[in-house]
Amino acid sequence: MLQDFEPEKRKVICKTLRFVSHTHGAHLQFFSSKQEGLISRTRGLISHLLFKTTSSKTMQLEHNKPLMVPVGMDSFQQIGTPPLAEGNLGRVSARTPLELWKIAYTGHFPQETVVDPSLIEDPAKDPQYTEAAVDAARVQKDEELERYRRLSERRMRTQRAMAEGVV
């Protein structure tokens, strides 16, 4: 997918990912199931992280190739400055470097307005996440829950009535 972008946009994506990765002390590695070399590198990284095997010190920083940046091997100096448009330099009011990079990134990739997920009352009913088998199981469980509630309410009424001596 990344290879479909024009080189300048790929460069912005890669530099931003490198900055975020370095800021948070993380490995950065691109992956594709179609490239055996990337599969092998990913296996090596996972093996290192899980079993403390020797980590690869190989780095790939070129934005036209799949990135591979082991934790601690990059630097802010190597990453460079955020790719802001020259007209935006004086108008940007970021409080943190991460905000500055976010502004630079969204300048190249305008974000679509997304419905605030917190406003959706029941995310299970969101049409974006429909899945027939899961939805059918959910309906069945909801019906079981409703039967359980009715039965529980009936028991409570019976117990209350018995406690009051009505029955």
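The residue that is nearest to Val12 (Cα to Cα), counting only those in region 113-137 that are of a type in the set (D, E, K, R) and at pLDDT 80 or above, is Glu131. Pairing residues of region 139-167 that are more than 25 Å from Ala124 (Cα to Cα) with residues that are in a helix (DSSP H, G or I), at Cβ distances under 8 Å and at least 6 apart in sequence or on separate chains, gives Val167/Thr158; Val167/Ala161. Can we say Phe19 is exposed (fewer than 15 other Cβ atoms within 10 Å of the Cβ) and either within 27 Å of Pro97 (Cβ to Cβ) or modelled with pLDDT of 95 or more (or both)? So Phe19 does not fit the description; no. Gln140 meets the stated requirement of being modelled with pLDDT of 90 or more, outside the structural domain of Pro7 (by TED's automatic domain parsing) and not charged (D, E, K, R). For the subset of region 60-71 comprising residues that are in a loop (DSSP other than H, G, I, E, B) and over 22 Å from the mean Cα position of the chain (by Cα), which member is surrounded by the most Cβ atoms within 10 Å (Cβ to Cβ)? My answer is Leu61.
The values are calculated or read from the model by the stated rules, or taken from the named source; none is laboratory data. Source: prediction; values computed, not measured. Note that we place each Cβ from the backbone using ideal geometry, even for glycine, and neighbour counts take in every protein chain shown.
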